[in-house]
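What follows is one structure encoded as structure tokens, with my remarks underneath.
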Amino acid sequence: QVQLVESGGGLVQAGGSLRLSCAASGLTFTQYNMGWFRQAPRREREFVAAIARGGDSPDYVDSVKGRFTISRDNAKNTVYLQMNSLKPEDTAVYYCAARWLLPTREAQHYNFWGQGTQVTVSS
């Protein structure tokens with residue numbers, strides 16, 4: 001079965017960095033666009049970043065542009081989210097997701113989800 005397993009979350013001070021990883025198995029990774037979403041307490045899940053199947057066309061929510069970088073290694077079936085200059089408002093559970101064929105920011109259109117990894121940014 002398909003599995004997406006996130007790692008790399010943790011507690012960091014404001015201004016610090018974290019690198020999230022999401023290892024995929026059970027699917028043909030190169031056929032899937034990959035996205036990162038996050039959900040803070042009492043808030044809706046929101047789009048953070050996405051990357052196309054070939055590793056091109058990265059897309060970011062405005063609040064993370066210039067601070068976060070999404071990338072993927074198709075040889076390792078892994079997608080990454082490098083997060084720099086972290087702010088307390090970045091605190092959330094971060095999820096990776098896989099969407100077959102077409103990229104999108106809409107969570108409901110993603111086919112598979114990971115279990116999430118907690119990112120906490122202290123002020």
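The values are calculated or read from the model by the stated rules, or taken from the named source; none is laboratory data. Note that the coordinates shown come from a computational prediction; the quantities given were computed from them, not determined experimentally. So basically every Cβ, Gly included, is an ideal-geometry build from the backbone, and we count neighbours across all protein chains shown. For the accessible areas, the whole protein counts, side chains as well, though only heavy atoms, and no ligand, DNA or RNA atoms are used. Shrake-Rupley method; radii C 1.70, N 1.55, O 1.52, S 1.80 Å.
For the range 1-95, which trypsin sites (Lys or Arg not before Pro) are both in a DSSP coil and crowded by at most 14 other Cβ atoms within 10 Å?
Passing sites in the range 1-95 are Arg42, Arg43, Lys65, Lys76.
Counting only heavy atoms of protein chains, what accessible area per residue, in Å², does the chain have with a probe of 1.4 Å?
Numbers: 6320 Å² over 123 residues.
Here the per-residue accessible area is 51 Å².
List, in order, the whole-Hz ³J(HN,Hα) value for each residue of the range 110-123 obtained from phi through the Karplus relation with A = 6.51, B = -1.76, C = 1.60 and θ = phi - 60°; use x for Gly and Pro.
After applying 6.51 cos²θ - 1.76 cosθ + 1.60, I find 7, 8, 9, 9, x, 8, x, 9, 7, 10, 10, 10, 8, 8 Hz.
When you count, for each residue, the other Cβ atoms within 10 Å and take the mean per peptide, how do 79-92, 100-113 rank with the highest first?
Descending packing order for the listed peptides: 79-92, 100-113.
Would you kindly derive the ³J(HN,Hα) couplings of the range 54-64 from the backbone phi angles with the Karplus curve 6.51 cos²θ - 1.76 cosθ + 1.60 (θ = phi - 60°), listing them in order in whole Hz, with x for Gly and Pro?
For the range 54-64, the Karplus-derived couplings read x, x, 9, 6, x, 10, 9, 5, 4, 5, 10 Hz, x marking Gly and Pro.
If you build the convex hull over the alpha carbons only and average its shadow over all orientations, what do you get for the chain? Give it in nm² to one decimal.
Convex hull of Cα atoms, orientation-averaged projection: 6.8 nm².
So what J values fall out for the range 35-46 if you push phi through Karplus, 6.51 cos²θ - 1.76 cosθ + 1.60 with θ = phi - 60°, rounded to Hz, Gly and Pro as x?
Result, ordered by residue: x, 10, 10, 9, 9, 8, x, 6, 10, 6, 5, 10 Hz.
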